[in-house]
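Taking it in order: structure first as structure tokens, then the write-up.
The values are calculated or read from the model by the stated rules, or taken from the named source; none is laboratory data. These numbers were taken from a predicted model, which means no experiment stands behind them. So basically every Cβ, Gly included, is an ideal-geometry build from the backbone, and we count neighbours across all protein chains shown.
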Amino acid sequence: MIMSARGDGAAERVLAALRRRGAHLVGADEPAAGGTPVLWWDNGDYPGRSRVTATFAGGERRLVLDTGGRTVDLSRITAVWRSRPSGPRAAAAVTDPSHRAHARLQAEVMLDGVWSLLDARWLPGRRADELRAHNKVFHLARAVELGFTVPDTTYTNDPAALAEAYEAAHGRLVAKQIASDRFEVDGVQHRAYTTVVTRRHLTSRHRVRHEPVVLQPYVPKAVELRVIVVGERVLAAEIDASGSRAARDDWRHYDNDRVRYAPHALPADVARRCARLVADVGLTYAALDLIVTPGGEYVFLELNSNGAWGFVELWAGLPVSDAIADWLMDGEEQ
Amino acid sequence: MTDSPETPRPRAEDLPPESFGAALASGAELLRSLPRRRSGVAGARRAADAWAARHPDAHAQLVVDQRPGSPVVDYDLLLDHPDGGTIALSAPPEDGVPWLIDHSTHWAAGHLVSVDGVHVSVPQALTMLRSLSGRDASPYQEIVDQCLLAAAGDDGSPVGAADLQATADAFRRGRGLRDRASTLAWMAAAGMSGEQFEAYIEGIARRRRFRKEKEAELAPGHLAANPGDFARVRAVWVTGGEKVVVGDVAELFGALGSAGGPGAAGGLGSADVPGSVGGCGPVGDVVVTVGVRWESDLPEALRGAPPGQVIGPEKAPGGGFLTGAVLSRTPAVADAATLEAAGRAAFAAWLAERRAAATVEWHWS
């Protein structure tokens, strides 16, 4: 099952890779003899349009998904890929915001329970696994334990820690969010990208107490890496943003005319450590961000438990959709 | 607030001890009261001027720090210390805004436009302007078109060396860059490194490749659906500020002959229309065209006209008047030249459709 919103480009690419392996999309393709059926369903359809029923009777359990168009015995699902599910959504007829929130929570809990009973492989993992692994405090600690080099890092909402970290970094400090989220300033969407801290920032240290931030010394970079781990496969792309003023400190500004993407050959021990970290935090997929310093050192920055990979496939030529399709189909064969 | 050499500066010990401290406290209060948005800067300056007038000894200056990509501004107040030296006072108030949010930027900061969710930075847009096609479209439309083409053509497959070379050659020819030295000089003037130039050429090559493939894909269908547009038409027409009134094609050629045109035989007819050219007199400044065109490329007035019939004078699209005639018409055939023309037309229609459907958001503020 591909669990994702309609129009998800990543899911389209993996679906194409699955079709190349003989799979067919339920409700769209002609079933091929012996081919694996693939169900594309978005949990955003639940409970609004889909029905999920779990029954326990006579010593047996039945887990059924009715998508509105077909009925699926969930016990037959062998692999689930949570690509970009939009999250449970109440039917349009439920209009009171508190009722919608109530319906969403009930649905979320119900699905978590049902998914916990599936004897299926999950990529990157179940929702709770994803959330836990995505936590920067948690996965940085695991990375340190596995021997990764990491920048000296402070997670804090103590205003006094700001100037200390700035001085410790010899005035080359960056600040990051502990978790990305939407917010607005004057009614307009803003972003908190990686921020290079200046002395000006120190003058408003009192604001730090309002929410925790991540403080790290600026790590000089030869290139940045996005490492995609799928099961035991490790694919790395290097991102050279040194020619871009906009993306130099945070490549998520995507200044593509001035940013170079290319495959990167990781040293075997680093690749092994990446795969081990992903497994260690309870996932089968993750996108890791690392920096290669001018001295050739590999510095771990963070792990994104369902991090984007489409751009590294497109611009660096890494066969990520094939790797994901292989992983999902391996589950079928076992 | 400028220093005056005639005014002896009081020493700190000569002032009542609370004066300087009071000025500092007052300056801090001023800073805390200033509006922290760009729209409030003028008011902040007025408030600071008034404050400076009340504290002349401090020789105060307000420094406004406008953050890029954010409506938030910071202020510093520079003051003279009574014993010499400068004091820089900052006093961001406690307004309950978390630190990273206060220092965040607009989601599209540094971007000029977003086309279907693909963001174009200001440097990217400026680079695009270097390769404007020169066709009849505004730079805004060309930037949008290039975004659509880049998104559609960015399939990740590498561009072949021959394509890259052909693109680079065409690019250099178009700018008169005949040798390595002139190319390097152009790159230096454009602020492009060798690597950036290669990436730039690769982007153009990718779009060219996509366009070529799309044209080839769409051409047969477009020709089959619109055969009338691709008839080869031999026609003659004259445009100018004055009306040319003639009865038939021979008369038209005769008129052109008198004007030094291609069929220089005989004179104009004897039309008696005000403002028109009649008799044997000169026809003034005219542009004469005799040639073969695709039906759809003819002046609109001549499209579909039966051979031999004089059309006009009609108002010409660029101003003035047009008189002309279709001389002969050959129905469309699916040969290479016709398919090429059909591909170009089909591609223009495809792009126009994509443009109409695209979500385009300009980020001017």
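Residues to consider are A:LEU162, A:LEU140; find the one that is within 14 Å of another protein chain (Cβ to nearest Cβ), surrounded by 17 or more Cβ atoms within 10 Å (Cβ to Cβ) and at pLDDT 95 or above. Spell out the reasoning first.
Values: A:LEU140 fails: within 14 Å of another protein chain (Cβ to nearest Cβ).
Testing whether each residue is within 14 Å of another protein chain (Cβ to nearest Cβ), surrounded by 17 or more Cβ atoms within 10 Å (Cβ to Cβ) and at pLDDT 95 or above leaves just A:LEU162.
Applying a threshold of 6 Å to beta carbon distances and a minimum spacing of six or more residues, or different chains, the list of pairs starting in segment A:193-212 at a residue that is at the interface with chain B (Cβ under 7 Å from one of its Cβ atoms) and ending at one that is part of a helix (DSSP H, G or I) reads A:HIS206/A:PRO159; A:ARG207/B:TRP99; A:ARG207/B:ASP102; A:VAL208/A:PRO159; A:VAL208/A:LEU162; A:VAL208/B:TRP99.
One residue alone among B:THR323, B:THR359 is farther than 30 Å from B:ARG38 by Cβ and among the hydroxyl-bearing types (Ser, Thr, Tyr), and that residue is B:THR323.
For segment B:73-102: of the residues being among the charged types (D, E, K, R) and assigned to a loop (DSSP other than H, G, I, E, B), which is nearest to the chain's Cα centre (by Cα)? Working first, answer last.
Start the filter on segment B:73-102 by keeping residues that are among the charged types (D, E, K, R), which leaves B:74, B:76, B:80, B:83, B:94-95, B:102.
Now restrict to residues that are assigned to a loop (DSSP other than H, G, I, E, B): B:83, B:94-95.
On the way: B:ASP83: 57, B:GLU94: 44, B:ASP95: 42 Å.
Within segment B:73-102, the match that is nearest to the chain's Cα centre (by Cα) is B:ASP95.
The conditions of being modelled with pLDDT of 95 or more and either surrounded by 13 or more Cβ atoms within 10 Å (Cβ to Cβ) or under 27 Å from A:LEU131 (Cβ atoms) (or both) are not met by A:SER75. With respect to the conditions (1) modelled with pLDDT under 90; (2) touching a Leu at 6+ places or on another chain (Cβ under 9 Å); (3) away from chain A (no Cβ under 14 Å), B:ASP136 falls short on a single one, namely (2).
Select from segment B:104-122 the residues that are facing another protein chain (nearest Cβ under 8 Å) and hydroxyl-bearing (Ser, Thr, Tyr) and write down the one among them that is nearest to A:LYS176 (Cα to Cα). Here the residue is B:SER104. Checking segment B:123-130 against the condition returns no match, with no residue being facing another protein chain (nearest Cβ under 10 Å), part of a strand (DSSP E or B), in contact (Cβ under 8 Å) with a residue 60 or more places away in the chain and closer than 20 Å to A:VAL259 by Cα. Of (1) surrounded by 13 or more Cβ atoms within 10 Å (Cβ to Cβ); (2) under 30 Å from A:ASP181 (Cα atoms), B:VAL159 satisfies all except one. Which? So the condition that B:VAL159 fails would be (2).
With respect to (1) in a loop (DSSP other than H, G, I, E, B); (2) at pLDDT 90 or above; (3) of a type outside the set (Lys, Arg), the lone exception for B:GLY319 is condition (2). Among the conditions (1) within 14 Å of chain A (Cβ to nearest Cβ); (2) assigned to a helix (DSSP H, G or I); (3) out of contact with any Leu (no Cβ under 9 Å at 6 or more places or on another chain), B:SER70 misses just one, which is (2).
A residue that is touching a His at 6+ places or on another chain (Cβ under 7 Å) and not hydrophobic (A, V, I, L, M, F, W, C) occurs nowhere in segment B:45-63. A:ARG89 - would you say it is more than 29 Å from the chain's Cα centre (by Cα), in contact (Cβ under 8 Å) with a residue 40 or more places away in the chain and assigned by TED's automatic domain parsing to the domain that holds A:GLY113? No, not satisfied. The residues of segment A:239-269 that are surrounded by 19 or more Cβ atoms within 10 Å (Cβ to Cβ) and modelled with pLDDT of 95 or more, listed by number, are A:HIS264, A:LEU266. No other residue among A:ASP186, A:ASP240 is of a type outside the set (Ser, Thr, Tyr), out of contact with any His (no Cβ under 9 Å at 6 or more places or on another chain), under 24 Å from B:ALA109 (Cβ atoms) and assigned by TED's automatic domain parsing to the domain that holds A:VAL278 apart from A:ASP240. Out of all the residues in segment B:183-208, which are outside any helix (DSSP H, G or I) and of a type outside the set (A, V, I, L, M, F, W, C)? Within segment B:183-208, B:GLY191, B:SER193 qualify. For A:ILE228, the test of being within 14 Å of another protein chain (Cβ to nearest Cβ) and among the hydrophobic types (A, V, I, L, M, F, W, C) is failed.
Taking the criterion of being farther than 14 Å from A:GLY307 by Cβ and touching a strand residue (DSSP E or B) at 6+ places or on another chain (Cβ under 8 Å), the residues of segment A:127-136 that qualify are A:ARG127, A:ASP129.
Residues in segment A:254-279 that are closer than 30 Å to B:ALA150 by Cα, among the small types (Gly, Ala, Ser) and away from chain B (no Cβ under 14 Å): A:ALA265 alone.
Kindly evaluate A:GLY282 against the criterion of being touching a residue at least 40 places away in the same chain (Cβ under 8 Å) and within 14 Å of chain B (Cβ to nearest Cβ). Talk me through it step by step, then tell me what you get.
On the way: touching a residue at least 40 places away in the same chain (Cβ under 8 Å): yes; within 14 Å of chain B (Cβ to nearest Cβ): no.
So A:GLY282 fails the test.
Residues that are surrounded by fewer than 16 Cβ atoms within 10 Å (Cβ to Cβ) and assigned to a helix (DSSP H, G or I) occur in segment B:328-338; there is at least one.
Consider segment B:298-316 and keep the residues that are assigned to a strand (DSSP E or B) and touching a residue at least 12 places away in the same chain (Cβ under 8 Å). The one that is surrounded by the most Cβ atoms within 10 Å (Cβ to Cβ) is B:PRO313.
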